[in-house]
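What follows is a single structure, written as structure tokens, with notes after it.
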Amino acid sequence: MSDTLLVAREGDVARVTINRPDKLNCMDTAMWRRMGELFAGFDADETLRCIVLGGAGGRAFCVGADIAEFGTTRANAEQARAYARLTHGALGRIAACRHPIVVAIRGLCVGGGLELACVADLRIATAGSRFGIPVKRLGLVVATTEMAPLIRLVGPANTKDILLTGDIFGAERALHMGLVNRVLPDDGFEAGVEAVVASIVEGAPLVARWHKKFADRLMDPRPLSDAEHDESYNCFDTEDFRIGSAAFLAKTKPAFKGR
């Protein structure tokens, strides 16, 4: 299992690669468990500024669950609920991770793989990537917990289109509906992803975490508390604000410290 999720650290960027290219990077139960553990650890790491999630081999980012396990993990509703507690736990830890998460998508991004991508912050795809959730062909339902991030991204009408038709569609349609943030040519794709990551990393990390937190909170219809409103101004007490302000006036590049 350790070889099926590759983890690398390059300075303040962590990279996770789903490494089952012979199976189109499908996820078995051990991988889901490990994915949740990894992102819980990332969330606790004060030195991180960005996480990049991708798939090995170029044919797929991820095609979701390993169907070969269904006979033992999802043979009935009781098993399916237990399996969902595991996968939803992993998706929840990714969604709750305070650091910006960029998903680099080559090839197929379907089923649970698309659900995985939806809980990240930015999705960057090659022009040849393909998307969809064709679970109707398996007689499966997308659980409400898994559907919610998709609805937040593309709205109920597009969500129904994706699920009711089961279509597999291209990157331009995904971009048009807001499923992905950017579509890049296959040639130079890695360089394009790295440019986005570099742009995130050069900013003040506390600001990135606050912006992510606030954007997610504003999707919740509950009114903001006074404390939540006030949190918007905590940045003025940070060392990074003083560094950034001084650098702006001096016309130099700031070196943020995350404090």
- For the chain, find the longest principal axis of its Cα atoms and tell me its angle to the long axis of helix 29-43, 0 to 90°, nearest 10. 10 degrees
- Of 150-160, 87-97, 198-208, ordering from highest average Cβ density within 10 Å down gives 87-97, 198-208, 150-160
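How big is the charge dipole of the range 203-250 about its Cα centre, in debye rounded to the nearest 20, if each Lys and Arg gets +1 on its Cβ and each Asp and Glu gets -1 on its Cβ?
The dipole magnitude comes to about 200 debye.
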- Task: Enter the angle in degrees (range 0 to 90, nearest 10) between the Cα long axis of helix 205-217 and the first principal axis of the Cα atoms of the chain, meaning the one along which they spread out most.
- Result: 50 degrees
- Take the Cβ-Cβ distance between GLU202 and ARG33 as r, set R0 to 51 Å, and report the resulting FRET efficiency rounded to the nearest 0.05. 0.90
- Message: Students often check this: by mean Cβ neighbours within 10 Å, which of 174-181, 139-146 ranks highest, and how do the rest follow?
- Response: 174-181, 139-146
- Task: Using +1 at the Cβ of each Lys and Arg and -1 at the Cβ of each Asp and Glu in the range 5-200, identify which of ASN19, GLY54, ALA174 lies farthest towards the dipole's positive end.
- Result: ALA174
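Tell me, what is the percent relative contact order of the range 70-179, built from C-alpha pairs under 8 Å that lie six or more residues apart?
Details: 131 pairs, mean separation 26.9, N = 110.
Computed over the range 70-179, the figure is 24 percent.
State to the nearest 20 debye the size of the charge dipole of the chain about its Cα centre, where the only charges are +1 on K and R beta carbons and -1 on D and E beta carbons.
Details: 32 positive and 32 negative charges, 67 e Å.
In total the dipole reaches around 320 debye.
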- Query: Expressed as a whole number of Å, what is the distance separating the alpha-carbon centroids of the range 188-222 and the range 41-106?
  - Reply: 19 Å
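Nearest 500 deg cm²/dmol is fine: what mean residue ellipticity at 222 nm does the chain get from its DSSP H runs of n ≥ 4 alone, each adding -39,500 (n - 2.57), divided by its residue count?
On the way: 10 runs with 119 residues, N = 259.
So the helix-based figure for the chain works out to -14000 deg cm²/dmol.
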- Task: Please count, across the chain, the pairs of lysine residues with Cα atoms under 25 Å apart that sit 8 or more places apart or on different chains.
- Result: 5
- Task: Between the alpha-carbon centers of the range 2-36 and the range 146-160, tell me the distance in whole angstrom.
- Result: 26 Å
- Item | Dipole of the range 103-259 [Lys/Arg +1, Asp/Glu -1 at C-beta], most positive-end residue of CYS235, VAL197, ALA157 | ALA157
- Message: Angle check, please: helix 144-165 long axis (alpha carbons) against the longest principal axis of the chain (alpha carbons), in degrees 0 to 90, nearest 10.
- Response: 50 degrees
- Query: For the chain, how big is Rg over Rh, using alpha carbon atoms and the Kirkwood form of Rh?
  - Reply: 0.99
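Taking the DSSP beta bridges in the chain as the whole, what percent of them are antiparallel, to the nearest 5? Display every interim value, and only then the final one.
Working: 8 of 30 bridges.
Taking every DSSP beta bridge within the chain, about 25 percent pair in antiparallel fashion.
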- Label-point gap, in nm, between LEU140 and ASP12 - each point 7 angstrom along Cα→Cβ: 3.8 nm
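Give me the net charge of LEU224's neighbourhood, meaning all other residues with Cβ under 15 Å from the Cβ of LEU224; Lys, Arg count +1, Asp, Glu -1. Each step should come with its number before you reach the end.
Numbers: positive: LYS213, ARG217, ARG222; negative: ASP216, ASP220, ASP226, GLU228, ASP230, GLU231.
Cβ neighbours under 15 Å give a net charge of -3.
Taking all pairs of different Cα atoms in the range 138-210, averaging 1/r and flipping that mean, what Kirkwood radius in angstroms comes out?
Numbers: mean 1/r = 0.0672 Å⁻¹.
Evaluated over the range 138-210, this radius sits at 14.9 Å.
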- Query: So what's the net charge close to ASN19: Lys and Arg +1, Asp and Glu -1, counting the other residues with Cβ under 15 Å from its Cβ?
  - Reply: +2
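No value in this document is a laboratory result; all are computed from the given coordinates. Just so it is clear, the model here is predicted, and its values are computed rather than measured. Positions of Cβ are generated from backbone atoms using ideal geometry, with glycine treated the same way; all protein chains shown enter the neighbour counts.
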